[in-house]
Amino acid sequence: MNNIKFKRTIPVVFDLLNAEDDPAQILYYQNLITCMWASPLLFLGALANIIVVYFFWDGNLFEVLLNSGIFLLLGLSFEFISRKELAINLFDHLVSLTQSITLAFIVVQYYQIIGPAVWSVSFVMIILSLMRLKITMLYYIAITTFVCGLYVTFLLPVDGFLFSPVYFLIQNLLFCFIFCLASATFYLNLNRYDKAVVRLNAVTSQKEKIARLYKKLILTKKTLTVQNQELQAFNEEIRKNEERLHFLAYYDGLTELPNRKMILERLHLLVNLSENEKASFFIVFIDLDNFKKINDTMGHLYGDDYLRYTAKRLKELVHEDDLLGRLGGDEFALIIQRNIKEDAAYNYVESLRNELCDKIKTSCSEFKVSASFGISVFPQDGKDPIELLNSADTSMYKAKELGRNNIQFFRPDMKEEILNKIQMESLLLKAYENKEFFIEYQPQFNAEDHRIRGFEALIRWDSPHYGRVAPMNFIPLAEEMGLIIGIGHWVLLTACHKFKELDMRFDQNLCVSVNVSAVQMRDKNFVDTVKNVLSETSMDPRQLELEITESLFIDNIEETIDMLNEIKALNVRISLDDFGTGFSSLSYLRRLPIDTLKIDKSFIDDLSDQDSSIRIVGDIISLGHNLDAHIVAEGIENSTQLDYLKANNCDCIQGFMFGKPMSVKDMEALLQKNPLK
């Protein structure tokens, strides 16, 4: 099979044939030339057959068209064979076979018309066969000629040229002689060709030896040139690798800012220089607020893009003499290397904070991104780089505790606060594992007749180290540590178990209010948790009231409302705690499936003031009733407050005046006296 691409014209193929030394390729080109000659000749034969036989010799139209069709078919056969990718030997046999079929067709169809002149076609084919490298076609033509001679002599109808068997004998003797002569000539030429090939190979071998010697003569120069180029390329590659290694060692791959290692080395240098010159410098810790929410909500790819965007913004804003770097995650560090005052450093960082604040809008959400800044000063906040970084980190966490998006300079007492927080976290984790929590219950009463409405379940922590810890001191930490989900489930389960027991004992149709953290409500499994607790305790869902705070509606208001509707569908009551102190908005308040509004204690405390202008509790009660909500006022401590609430139609009251948070035993004793007047 030949894979060489060339233009299919007879002159081009002849040039390739004359330039070729490979016998297989020579045979391929010979067969290709045969096909390229035979195809157009057969096509012309088809046309000539129609013109001569039909128009001049008055032949039968059907026979004329049939013979012309066979001519066309044979021509197409040669064309098809020449264009197929075939093995060389198969190609040779197919061309020879097609030649034989063509010869047989011409003899059988035209002997009666042109007589013995038809054998000239056979002689021409034999002569052409002698010019080929292989004798295959000669055998095909010889056999075909012999068979066609038999047909002409013995089977041809006696109405044309008539020859006796003696003629056939003489004719075939001549063909045998010609065939033997042709074979002898072919093998003689083949032998000469083989000798010529041997001589050609010898000459080629000598040329190759001479070429190798010549190459050896110029090899030294070329080798040295190539080796020199390779050496230069290798040195350039080493240089680039060194630059790449230096970049990887000292720069952050994501933002291309200096990394922690470079920051530390620069700090070491500045510490040494500043000690000698009695100078100072500032290190600023920058931590992006709410970055984790962006990363979790929109994906890490978007988070990486935002980090690159933030790094670019900061690089544009910082002074050219200062060094900005990325420490890791969403933390950046800025070394203010200039000799400036503390108030100038604060103003500088404040300008960075203002410029960095931005809003990111997506198709589904809008995020306000800000940053918290912590600043430490050499030498008063640290004598070495690690101490300076730790001080800046501590002040940055203090900025986050104070509401984020602000700036804090380091103070020595911050370290103590951090250590206390770390200790509290450790003890809180042990308290969760060792079940150091318990529940107290504060009663709620009807404002008019003081009958018990129910109880609010309040978690307490009795720490072996701190003693009794107020919920406001450990609940936010539990939320931050991720413990609030487990703690909240325990409180809900324990309170429902206890109230199911009390309901079976006293049958007073009371309700229990359980506080739910915003973190719990954002848990996608919270509704299932409530279902499971109700199922496990067999408690009537109408006796359970979940207290939520207004902070729950800061983010994802629609999702929160959907979850509250799911809870409401369980027949569980929903109470809005600390109403009026958070982010109340009538636009969403009227959409909430709220059963109860709890007025915060801060409003109740104002009722003791003689200035009635600040007494807006009545308006809150009226608003709640217009929303079809039950009103509970908490923090009742005196009769002035109670009288005001009654006068303004408050439904229920809760406070130390009627009952402090109590143990289960005291709660049972109170229920035995119900109704309480």
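The values are calculated or read from the model by the stated rules, or taken from the named source; none is laboratory data. All values derive from a computational prediction rather than experimental measurement. Positions of Cβ are backbone-derived with ideal geometry, glycine not excepted, and every protein chain shown enters the neighbour counts.
Taking E208, is it assigned to a helix (DSSP H, G or I) and within 55 Å of the chain's Cα centre (by Cα)? When the stated conditions are applied, E208 does not pass them. Restricting Y302, Y251, Y306 to those that are surrounded by 14 or more Cβ atoms within 10 Å (Cβ to Cβ), without any contact (Cβ under 8 Å) to a residue 40 or more places away in the chain and under 20 Å from the mean Cα position of the chain (by Cα) reduces the list to Y302.
From the list I614, I594, which residue is at pLDDT below 85 and either over 20 Å from E456 (Cβ atoms) or hydrophobic (A, V, I, L, M, F, W, C) (or both)? Let's see the steps before the verdict.
Working: I594 fails: at pLDDT below 85.
Within the list I614, I594, the selection yields I614.
Among the conditions (1) at pLDDT 80 or above; (2) surrounded by 19 or more Cβ atoms within 10 Å (Cβ to Cβ), G69 misses just one, which is (2). Inspection of the range 538-547 identifies no residue that is more than 18 Å from I439 (Cα to Cα) and modelled with pLDDT under 90. Applying the criterion of being of a type in the set (S, T, N, Q) and over 27 Å from N347 (Cβ atoms) to the residues of the range 254-285, the residue that is surrounded by the most Cβ atoms within 10 Å (Cβ to Cβ) is N259. Residues being in a helix (DSSP H, G or I), in contact with a helix residue (DSSP H, G or I) (Cβ under 8 Å, 6 or more places away or on another chain) and farther than 23 Å from A399 by Cβ are represented in the range 302-310 by at least one member.
Quick grid of which residues meet (1) farther than 30 Å from R590 by Cβ; (2) of a type in the set (S, T, Y):
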{"position": "H625", "(1), (2)": "no, no"}
{"position": "D628", "(1), (2)": "no, no"}
{"position": "I636", "(1), (2)": "no, no"}
{"position": "L645", "(1), (2)": "no, no"}
{"position": "N649", "(1), (2)": "no, no"}
{"position": "S663", "(1), (2)": "yes, yes"}
{"position": "A669", "(1), (2)": "yes, no"}
